[in-house]
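Notes to accompany the following structure.
The values are calculated or read from the model by the stated rules, or taken from the named source; none is laboratory data. As the structure is a prediction and not an experimental result, all values here were calculated from the model. With ideal geometry, Cβ positions are generated from the backbone for all residues, glycine too; neighbour counts draw on all protein chains shown. The protein model used for the area step is the full one, side chains on, heavy atoms only, and it has no ligands, DNA or RNA in it. Shrake-Rupley method; radii C 1.70, N 1.55, O 1.52, S 1.80 Å.
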Amino acid sequence: MKEKKTVTRMQNRYIKDKETLNKARNRRRVALARRLAVLLVAVAVVFSALFVLYTKQTMLLQDKKAEKVKVEKKLADAKLEEKQLKGEISKLHDDDYIAKLARSEYYLSKEGEIIFNTPTEKKKEKSE
């Protein structure tokens, strides 16, 4: 059979001081670990919030760039339409053009003139 060895601790001042010192060190380690854990969680929360904010800003920027492209295209179309309308205005100041337009659109004719519309003329007018 095995003999059970029991060691009795000495109860002197040195041993008590060492135990107290070890307990204090252990408490400090636990407190340090807790503080570091809290600090780590706080840093993680801050970085997560910054990442979410960055992602939202990036998406907003992409949306604004897409909107800018659409608006620029719309502006280019409007400028082209403005150019065409100014050309039309300048044409409307010409009496010959107005006469030609009135004859083609409203079937008006000059004195003694007879108008015959053929399918080829309509295709030509549409292509102009």
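Just a few scattered comments:
- Applying the set (1) at pLDDT 95 or above; (2) exposed (fewer than 10 other Cβ atoms within 10 Å of the Cβ) to Ile114 leaves exactly one unmet item: (1).
- You will find that of Asn22, Asn26, Asn12, the residue that is free of Cβ contacts under 8 Å to residues at least 40 places away in the same chain, more than 53 Å from the chain's Cα centre (by Cα) and surrounded by 10 or more Cβ atoms within 10 Å (Cβ to Cβ) is Asn22 and no other.
- Looking across Val52, Val7, one residue alone is surrounded by 10 or more Cβ atoms within 10 Å (Cβ to Cβ) and out of contact with any helix residue (DSSP H, G or I) (no Cβ under 9 Å at 6 or more places or on another chain). It is Val52.
- Close pairs from the range 55-84: first open to solvent by less than 100 Å² (accessible area, probe 1.4 Å), partner at pLDDT 95 or above, Cβ under 7 Å, at least 6 apart: none
- One residue from Lys91, Lys100, Lys122 being open to solvent by 80 Å² or more (accessible area, probe 1.4 Å) and modelled with pLDDT under 80: Lys122
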